[in-house]
Amino acid sequence: MSSTETPDDAAASAGSRPDQALEARLQAIEAAARFHNVELDRDELRIPRGRMPEPAALVAWVRDGGLWARAVRMRFGQLLKVEVASPVILLLRDGSAAILTTADPARNIVWLKDPRAPSSDPPVPVDELRLSQVWGGETLLIRAQREITDENAPFSFLWVWGVVRKESKLLRDMFLGSFALALLTLVPPIIVMTTLDRVLTYRSVSTLALVGIFFAVALLYETILNYTRRKITYVVGARVDAKISLHVFKRMLRLPLDYFERQQAGEITYKVAQVNKIRDFMTGKMMSTMLDMVALVVLIPVIFVLQPTLAWITLVCAGLVALIIMAYMGPVSRAIGRWIAAETQKSSVLVETLHGIRTVKSLALEPQQRDLWDRRTATSVQLKLEASEISNWPQTLANPIEGVMSRGIVLIGALLAISSPGSVDPGTLIGFMMISGRVAAPLIGLARLMDDLQEVRLAVGFVQSVINQPPERANPAAGLRPKIEGGLSFNAVSYTYPGTKTRALDGVTFEVAPGTILGLVGKSGSGKSTIARLLQGITRDYEGFLKLDGNDLREVNLAHLRRNFGVVLQENFLFRGTIRENIIAGRPGLTLTDAVRAARLAAAEEFIERMPNGYETWIEEGSPNLSGGQRQRLAIARALIHDPRLLILDEATSALDPESESLVNANLTRIGKGRTMVIVSHRLASLTDCHQILVLDRGKVLDMAPHPVLLERCTVYRQLWLQQNRHLETPTPPRGGVPVLAQGD
Ligand SMILES: Nc1ncnc2c1ncn2[C@@H]1O[C@H](COP(=O)(O)OP(=O)(O)OP(=O)(O)O)[C@@H](O)[C@H]1O
Ligand SMILES: [Mg+2]
């Protein structure tokens, strides 16, 4: 197409060929992503064959690539106003797309570029009429992700407060309501004062009636306002709760795997659950105290007008109570801290026991676990008592002062009335008592709040200790997204686990071409699983170079890497759901047909079909209705479903019975077609078909060659082989003779 053609001409010519239109649309999006230095991977765009992708699918595709994207509907007038800092993509009616490069409001035209035209071609001007013939308003906006987003902000008290504050409209309503309520609280005292002073003194029934009506109306208002205030509090609480939960969970998922390996699950659960305490505090006590403080603005001046001396006494008493509570803040929080630490320990016993309940039962470890639980509970109860003892003191000390404030004030008022007649009349005294209670409560509440704040600070600390750990990647979107073929190259790779001295891998060097089936053998602890871990990017602080198709593995985007990998371990977790759902594992765009194909490859088809409901058979958590071997084959099918370029099987077949193992093994070559496979196995017989076998010993590479060659020249391998195959007179040569080194199929 020549550069003089306008995009609508282009669209018209492409209209008859939907494939080309789609191609243009994808190219436009790729070009926009490339503008932000992101290479999108078509494999990640899962669209039903022959169907146009929905804009939502396109948005998801771009977002997976780590960019900000949004599908919107725009009018021509809005297009003119767009500040084109990055390309804007117009999704044309025929399924293709055009890229908006500039808008010229003065001339009422926009400049568009055809994604299929060579990049040297200049954009073409298009006016509203011509554009409206091909474009219905569907637009895709793509921008670079901002570095510091809410998601990356460290968790803190202020962060939570920020979330609460975002509900500004509701909060404002709440404060206005509280202010109105504060005014209404003045009503009962005024009524009492009036009744006492006027109604009783002058015996006026009409005043009483008026006061009654006034009272009723005020009561009604107060009820409604209180209802609304509570309701708003719930709404704010629920919204804040949802936001915080989402954030915390997302952040937790971003933590590296080795963090979870180092920490007890019970401890993490307990710590993360503390976030509820923070939210409850903020939307509950803190909020209501702050709202009550609003009332002070109204009430304090009123009590000073009523009786200054008594007002001062009230304030001084409230201040004293506050001082007492503050003085005890430190010791109380330390005691609570000790108690919470004990609680954490206690809950980790519970989690551990539940987690390992099979082992506990089968080894009859119940008494030991009960004993441990007993001891931890005793410690916890003891510390809780100590903490309560300490926090009992400030309340005890404050009690008499509060008594003086609420009841003693009558005596003092009476004394004042006697000593200087006329300064206080009975109505005023009663009214004062009623109001001063409302003044003291929030002031004391504020001090108590400080007390609670200590506990909440502790909770914040707990949540922080999990959530603010460095994530796997500071920016999950960063990194290369190369097309993965499966070529592996280790160059002097060494790795030492944190906290250990010996190297788990020591100068490992080897190379395999894409499509190789690589077996890893070696004694227990020789570093086989560690190699698998490095490949998956679980640990990235190794020495040396590890390259995937020539790209440094550390530079590759983690999500992209893992999406292109399939991993099956010795123990695999199956989620609650049907067999089909477990195989598809939530990957969009996959159907039962894909699940069946994967199951067949994993030799799982045979037993699935014998299940009562076939692929729709329900699996409970922990899959009690499946045998170990069946679970394993499902896990293999799950790993195969998205046709990974690199498949890692770490002892994946060790739980299988000889029959299903040989079924899987017979399929290995088929499974391995078109991908690189790394198979760790203790049973050497299952590795004889591998193109290459890497022999590891204490983290070092001893040799790498096909089975017959190793048998000839590698002593360790021969020993291992003979140990396992003593019953065979002569080692069996692999089927099909000597495999060719690193062949592509
Ligand atoms: N999470 C870990 N923390 C500390 N050291 C570890 C950790 N995992 C493994 N190691 C150590 O690293 C070394 C290699 O372990 P690796 O799991 O790679 O062995 P392996 O060859 O897979 O053994 P096996 O055949 O028993 O699975 C071992 O000495 C082990 O003690
Ligand atoms: Mg292992």
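Could you check the range 54-82 and list, in sequence order, the residues that are over 27 Å from ILE109 (Cβ atoms) and modelled with pLDDT under 80?
Scanning the range 54-82 gives ASP64, GLY65, GLY66.
Which residue is surrounded by the fewest Cβ atoms within 10 Å (Cβ to Cβ), if the candidates are limited to the range 578-593 and must be aliphatic (A, V, I, L, M) and not in a helix (DSSP H, G or I)?
Quick first cut of the range 578-593, residues aliphatic (A, V, I, L, M) only: 579, 583-585, 590, 592.
Those still in the list that are not in a helix (DSSP H, G or I) too: 585, 590.
Details: ALA585: 16, LEU590: 18.
Out of the qualifying residues, it is ALA585.
With LEU684, LEU656 as the choices, which residue is hydrophobic (A, V, I, L, M, F, W, C), outside the structural domain of ARG42 (by TED's automatic domain parsing) and touching a strand residue (DSSP E or B) at 6+ places or on another chain (Cβ under 8 Å)?
Working: LEU656 fails: touching a strand residue (DSSP E or B) at 6+ places or on another chain (Cβ under 8 Å).
Matching residue, one of LEU684, LEU656: LEU684.
Please give the helices (runs of 4 or more DSSP H) falling wholly within the range 226-284 in which 2 or more residues are of a type in the set (A, V, I, L, M) and either more than 18 Å from the chain's Cα centre (by Cα) or under 27 Å from PHE175 (Cα atoms) (or both).
The helices (runs of 4 or more DSSP H) meeting that bar are 275-281.
Just the residues that are crowded, with 22+ Cβ neighbours inside 10 Å and part of a strand (DSSP E or B), please, taken from the range 696-728.
LEU696, the sole residue that qualifies.
Please go through (1) small (Gly, Ala, Ser); (2) out of contact with any Phe, Trp or Tyr (no Cβ under 7 Å at 6 or more places or on another chain); (3) in contact (Cβ under 8 Å) with a residue 40 or more places away in the chain; (4) over 28 Å from GLU261 (Cα atoms) for ALA595 and return the number of the only condition it doesn't satisfy.
It is condition (2) that ALA595 fails.
Going by the conditions given, is ALA637 modelled with pLDDT of 90 or more and surrounded by 16 or more Cβ atoms within 10 Å (Cβ to Cβ)?
Spelling it out, ALA637 is indeed modelled with pLDDT of 90 or more and surrounded by 16 or more Cβ atoms within 10 Å (Cβ to Cβ).
Could you list all residues from the range 645-655 that are at pLDDT 75 or above and away from ligand 1 (no atom under 13 Å from the Cβ)?
ARG645, LEU646, LEU647, THR653
Out of contact with any Pro (no Cβ under 9 Å at 6 or more places or on another chain), farther than 30 Å from SER524 by Cβ and in a loop (DSSP other than H, G, I, E, B) - does that describe any residue in the range 441-459?
Checked against the condition, which is being out of contact with any Pro (no Cβ under 9 Å at 6 or more places or on another chain), farther than 30 Å from SER524 by Cβ and in a loop (DSSP other than H, G, I, E, B), the range 441-459 yields no hits at all.
Which of the residues that make up the range 270-312 are among the polar types (S, T, N, Q), at pLDDT 85 or above and within 24 Å of ASP452 (Cβ to Cβ)?
Residues satisfying the conditions are GLN274, ASN276.
In the set ALA604, ALA599, which member is crowded, with 23+ Cβ neighbours inside 10 Å, among the aliphatic types (A, V, I, L, M) and modelled with pLDDT of 90 or more?
Criteria check complete, one pass: ALA599.
Look through THR669, THR653 and report the one residue that is assigned to a helix (DSSP H, G or I) and either farther than 28 Å from TYR495 by Cβ or touching a residue at least 12 places away in the same chain (Cβ under 8 Å) (or both).
Matching residue, one of THR669, THR653: THR669.
Give the residue that is nearest to ASP697 (Cα to Cα), with candidates limited to residues of the range 493-548 that are among the aromatic types (Phe, Trp, Tyr) and more than 10 Å from ligand 1 (Cβ to nearest atom).
Looking only at the range 493-548, we keep the residues that are among the aromatic types (Phe, Trp, Tyr), and these are 495, 497, 510, 542, 545.
Retained after the next criterion (residues that are more than 10 Å from ligand 1 (Cβ to nearest atom)): 510, 542, 545.
Numbers: PHE510: 14, TYR542: 18, PHE545: 20 Å.
Once the filter is applied, the top-ranked residue is PHE510.
How many of the residues making up the range 562-576 are under 23 Å from the mean Cα position of the chain (by Cα), within 14 Å of ALA637 (Cα to Cα) and either within 16 Å of ligand 2 (Cβ to nearest atom) or surrounded by 19 or more Cβ atoms within 10 Å (Cβ to Cβ) (or both)?
Final tally of qualifying residues: 5.
Just the residues that are under 27 Å from GLU659 (Cα atoms) and without any contact (Cβ under 8 Å) to a residue 24 or more places away in the chain, please, taken from the range 677-717.
Once the filter is applied, which keeps residues that are under 27 Å from GLU659 (Cα atoms) and without any contact (Cβ under 8 Å) to a residue 24 or more places away in the chain, the range 677-717 yields LEU710, LEU711.
Residues PHE573, PHE607: which one is over 26 Å from ARG481 (Cβ atoms), aromatic (Phe, Trp, Tyr) and in a loop (DSSP other than H, G, I, E, B)?
Exactly one residue qualifies, and that residue is PHE573.
Would you mind stating whether ARG376 is basic (Lys, Arg) and more than 18 Å from LYS271 (Cβ to Cβ)?
No.
Count, please, the residues in the range 261-277 that happen to be within 16 Å of ligand 1 (Cβ to nearest atom) and crowded, with 16+ Cβ neighbours inside 10 Å.
Filtering the range 261-277 for residues within 16 Å of ligand 1 (Cβ to nearest atom) gives 261-265.
Still in the list and also crowded, with 16+ Cβ neighbours inside 10 Å: 263-264.
Looking only at that region, the number is 2.
Can you give me the number of residues within the range 616-634 that are away from ligand 2 (no atom under 16 Å from the Cβ) and either buried (at least 24 other Cβ atoms within 10 Å of the Cβ) or outside the structural domain of LEU687 (by TED's automatic domain parsing) (or both)?
2
The values are calculated or read from the model by the stated rules, or taken from the named source; none is laboratory data. This structure is a prediction, so every number in the text was calculated from the model and none was measured. When we count neighbours, we look across all protein chains shown, and the Cβ atoms used for this are built from the backbone with ideal geometry, even at glycine.
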